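The values are calculated or read from the model by the stated rules, or taken from the named source; none is laboratory data. In this text, all values refer to a predicted model and were calculated from it rather than measured experimentally. When we count neighbours, we look across all protein chains shown, and the Cβ atoms used for this are built from the backbone with ideal geometry, even at glycine.
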Amino acid sequence: MLKVGVLVSGGGTNLQAILDAIDEGRVTNAAVEVVISNNPGAFALKRAGNHKIPAVCVSPKSFESREAFNQALLETVDSYGLDLIVLAGFLVKVPEMMIEKYRNRIINIHPSLIPSFCGVGYYGLKVHEAALKRGVKLTGATVHFVDEGMDSGPILLQKAVEVLPGDTPEILQRRVMEEAEWQLLPQAIDMIANGRVS
Ligand code: GAR
């Protein structure tokens, strides 16, 4: 059984998609052991609580330095003996020592077709604002392994989503979530849990 930790910062709809997929048997051989947020107000923590999954907040604001926060985050992750860390809307830079320790065991979902609209400054709605501004006709989502760069690790899964006339960033964000993100992230976990990733 793959022990999964999900790191979140906000609403947690991707977390919900993972929990639903496990409950419905679309993801097998995996269990979410803990949900960790940097943001005490993240609704994702509530979703974890509703599912009787430990919900932990490690906020940078509670620490005197970034190093101390990074250390605490790593210690929290370590304490659950995780096989896979899933960044599901986690908007904090993952500490390098964590990336090193969990190499090829951290995945991230990004709401565009990488390498478009990714890297520093591209997160959440900003990604969709940029896609609309550029006038692309197709966008989508990407699941990738996390390395030291920003959105630069090996790509595991991608799915394209159409941009439609009249789209606002919010409408496009919702379509990308529904048609791509909420499918891709559970699918990636299922692949890893069942040894279908080489
Ligand atoms: C998702 O759209 C996710 O792809 C994005 O944040 C949102 C979180 O929503 N992540 C990034 O932009 C990472 N660069 P959620 O909390 O409802 O899952």
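Among the residues of the stretch 87-126, write down those that are polar (S, T, N, Q) and in contact with a helix residue (DSSP H, G or I) (Cβ under 8 Å, 6 or more places away or on another chain). Quick ask: steps written out before the conclusion?
Of the stretch 87-126, the ones polar (S, T, N, Q) are 104, 108, 112, 116.
Scanning the stretch 87-126 gives 112, 116.
Do you know which residues across the stretch 89-109 are of a type in the set (Asp, Glu) and within 7 Å of the ligand (Cβ to nearest atom)?
The first filter runs over the stretch 89-109 and keeps only residues of a type in the set (Asp, Glu), leaving 96, 100.
The answer is none; no residue qualifies.
Only one of the listed residues (116, 79) is among the hydroxyl-bearing types (Ser, Thr, Tyr) and farther than 24 Å from residue 164 by Cα. That residue is 79. Taken over the stretch 8-42, the criterion of being under 18 Å from residue 123 (Cα atoms) and either touching a residue at least 60 places away in the same chain (Cβ under 8 Å) or hydrophobic (A, V, I, L, M, F, W, C) (or both) is satisfied by 8, 9, 10, 11, 12, 13, 14, 15, 42. Checked against the criterion of being more than 15 Å from the chain's Cα centre (by Cα) and within 19 Å of residue 81 (Cβ to Cβ), the stretch 38-46 has no qualifying residue. Residues in the stretch 145-166 that are touching a helix residue (DSSP H, G or I) at 6+ places or on another chain (Cβ under 9 Å) and without any contact (Cβ under 8 Å) to a residue 40 or more places away in the chain: 157, 159, 161, 162, 163, 164. Of all residue pairs spaced 6 or more apart or on separate chains, those with beta-carbon atoms under 8 Å, a first member in the stretch 88-110 that is within 12 Å of residue 70 (Cβ to Cβ) and a second member that is at pLDDT 95 or above and β-branched (Val, Ile, Thr) are 94/106; 94/146; 98/77; 98/85; 98/106; 99/106; 99/146.
Within the stretch 121-164, the set of residues being closer than 27 Å to residue 192 by Cβ and among the β-branched types (Val, Ile, Thr) comprises 127, 139, 142, 143, 146, 155, 161. Quick one: is residue 170 within 13 Å of the ligand (Cβ to nearest atom), crowded, with 21+ Cβ neighbours inside 10 Å, closer than 30 Å to residue 24 by Cα and charged (D, E, K, R)? No: the conditions fail for residue 170. Scanning the stretch 47-86 for residues that are out of contact with any helix residue (DSSP H, G or I) (no Cβ under 9 Å at 6 or more places or on another chain) and touching a residue at least 12 places away in the same chain (Cβ under 8 Å) gives 76, 80, 81, 82.
Yes or no, residue by residue, for (1) within 13 Å of the ligand (Cβ to nearest atom); (2) buried (at least 17 other Cβ atoms within 10 Å of the Cβ):
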position	(1), (2)
120	yes, no
137	no, no
141	yes, yes
149	yes, no
174	yes, no
